[in-house]
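Below is one structure, written out as structure tokens; the observations come after it.
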Amino acid sequence: MRARLAALVLAVALAGAAAAAEVGQSALDKRAALLEQELRCLVCQNQTIADSNASLAQDLRREIREQLAKGASDQDVKDYMVARYGDFVLYRPPLRARTVLLWAGPFLLLALGAFFAWRRVTRRRAAEAELPADERARAAKLLE
Amino acid sequence: MSRGWIVGVFVALVGVLAVGLTLNPREVPSPLIGKPAPAFELPLLEAPAKRFSEKDMIGQVWVLNVWASWCPPCLQEHPVVTALAKDDPAPVIGLNYKDESANALAWLKRHGNPYRLVAQDLDGRIGIDYGVYGVPETYVIDRQGVIRYKHIGPMTPEVVRERIRPLVKELRGAG
């Protein structure tokens with residue numbers, strides 16, 4: 001009876017440990033997967049490391065997992081990649097003097113478009129308002 | 001909007017796109033330029049018991065050429081590397097990247113070995129440290145062990161003539 005109880009306790013403890021290890025593993029996997037989707041594969045420039053089958057992408061996936069397992073933060077991994085391949089590896093480039101246009105460009109274009117639209121509308125209104133008196137009289141006659 | 005405006009915007013757009021067409025999206029500026037060459041100690045391809053480190057080259061201007069026997073552009077580049085090594089403005093060291101020793105040795109035997117020596121990066125880890133992503137790649141490293149230039153893809157005779165030689169000359173001249 002006692003042996004059986006001990007076996008049961010041991011089994012439960014082992015299962016718990018295995019489950020804990022699994023949770024640890026999957027949390028790391030999740031972080032690695034997120035990072036892999038943020039990093040560009042330079043061999044095939046329009047794919048992320050997660051999507052690419054290039055051998056370099058495989059190596060980098062291995063490297064990312066190893067670094068995370070060693071306790072590196074997500075930022076550490078990104079810094080590691082940027083130090084080697086430059087900002088270009090980041091799918092979300094950092095805001096710097098060189099990249100201001102990249103970030104602000106769409107808003108500038110939107111503002112430009114809004115400006116022209118506004119100007120057009122106000123001009124048309126002005127044109128409507130400035131109908132000469134004789135034409136206005138003719139229009140009024142036609143409308144009667 | 002007046003017609004002048006539309007033409008102006010169109011011309012500006014054509015200008016921007018024309019400049020874009022002349023750029024090479026594969027030439028990603030390397031963050032390693034101006035930084036110390038990443039440290040390594042690797043076995044030599046032809047004598048794996050011996051090791052080579054980038055520190056062995058301190059005091060000399062040298063060229064590091066990353067290649068592999070499985071890489072067709074490396075074969076295309078091979079005559080250019082050979083000419084550069086023969087002319088010897090600076091020692092050319094090979095970094096054999098993710099290759100098999102037997103294949104690499106056979107490749108050198110068949111096409112000729114232009115390298116002063118070849119270090120072996122079997123698992124590509126040193127390649128990662130050097131930001132290698134498209135073999136062949138070539139680095140010019142100065143006397144202090146700082147990377148001064150990086151060329152991605154096969155070197156052409158023009159690249160050697162217009163970039164690498166003048167830079168090596170300048171670096172050697174600069175004490």
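Okay, here's what the table says:
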| item | result |
| --- | --- |
| Some residue of region A:111-121 being more than 19 Å from A:Ala32 (Cβ to Cβ), surrounded by fewer than 15 Cβ atoms within 10 Å (Cβ to Cβ) and more than 14 Å from chain B (Cβ to nearest Cβ) | yes |
| Any hit, region B:37-60, residues being within 13 Å of another protein chain (Cβ to nearest Cβ) and of a type outside the set (Phe, Trp, Tyr) | yes |
| Within region B:78-175, strands (runs of 3 or more DSSP E) holding 2 or more residues that are within 14 Å of chain A (Cβ to nearest Cβ) and under 12 Å from the mean Cα position of the chain (by Cα) | B:137-141, B:147-152 |
| A:Glu36 vs. criteria under 27 Å from B:Pro136 (Cα atoms), more than 19 Å from the chain's Cα centre (by Cα) and not in a loop (DSSP other than H, G, I, E, B) | no |
| Residue check for B:Val19: loosely packed, with under 14 Cβ neighbours inside 10 Å, within 14 Å of chain A (Cβ to nearest Cβ) and in a helix (DSSP H, G or I) | yes |
| Region A:28-50 residues that are more than 14 Å from every other protein chain (Cβ to nearest Cβ), paired with ones that are of a type in the set (Gly, Ala, Ser) (beta carbon under 6 Å, 6 or more apart) | A:Glu36/A:Ala50; A:Gln37/A:Ala50 |
| Sole residue being part of a loop (DSSP other than H, G, I, E, B), surrounded by 14 or more Cβ atoms within 10 Å (Cβ to Cβ) and among the aliphatic types (A, V, I, L, M), chosen from B:Leu64, B:Leu32, B:Leu42 | B:Leu32 |
| Tally of residues being in a helix (DSSP H, G or I) and among the basic types (Lys, Arg) across region A:68-123 | 6 |
| Residue match in region B:144-152 (condition: out of contact with any helix residue (DSSP H, G or I) (no Cβ under 7 Å at 6 or more places or on another chain), crowded, with 17+ Cβ neighbours inside 10 Å and basic (Lys, Arg)) | yes |
| Any hit, region A:73-93, residues being within 13 Å of A:Asp29 (Cα to Cα) and away from every other protein chain (no Cβ under 11 Å) | yes |
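Every residue, every condition in (1) within 24 Å of the chain's Cα centre (by Cα); (2) at pLDDT 90 or above; (3) not β-branched (Val, Ile, Thr), yes or no:
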| position | (1), (2), (3) |
| --- | --- |
| A:Cys44 | yes, no, yes |
| A:Gln47 | yes, no, yes |
| A:Arg61 | yes, yes, yes |
| A:Gln67 | yes, yes, yes |
| A:Arg98 | yes, no, yes |
| A:Leu108 | yes, yes, yes |
| A:Trp118 | no, yes, yes |
| A:Arg123 | no, no, yes |
| A:Ala127 | no, no, yes |
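The values are calculated or read from the model by the stated rules, or taken from the named source; none is laboratory data. This is a predicted model, so every value here is computed, not measured. Methodologically, a virtual Cβ is constructed for each residue, glycine included, from the backbone with ideal geometry; neighbour enumeration extends over all protein chains shown.
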